[in-house]
Amino acid sequence: SDYQQLGYNLRSNIFQGGPLKSRSLMKDSYTPDVFQKAVIDPKNWHGRRIYELGRWYEKYFLDLNVQKAMKDKRG
């Protein structure tokens, strides 16, 4: 049966799982000096400025509070 075949395959270690060491496409694509030369600018995060992210989170939490208030009002 299928169940016995699956058990045999598991006992035989046919399904060995994923690789023990994971690889990153970014690390494989660039040489190590690219990461050493990279400058982290805290005011510019992934092309967005911090205050833009702050405004996004402010709108997000305001929306969550409105949803919660509407839910409480409906009962």
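Just grab the label-to-label distance for L62 and Y3, each label 7 Å out from Cα along the Cβ direction, in nm (one decimal).
Reported label-point gap for L62 and Y3 is 5.9 nm.
Mind checking the full-extension length gain between A69 and S29? Use 0.36 nm per residue of separation minus the Cα-Cα distance, one decimal, nm.
9.6 nm
We did not get these values from a lab; they are worked out from the coordinates using the rules stated. Note that the structure is a prediction, hence the values are computed from the model and not measured. Glycine also receives a Cβ, built like all others from the backbone with ideal geometry; neighbour counts cover every protein chain displayed.
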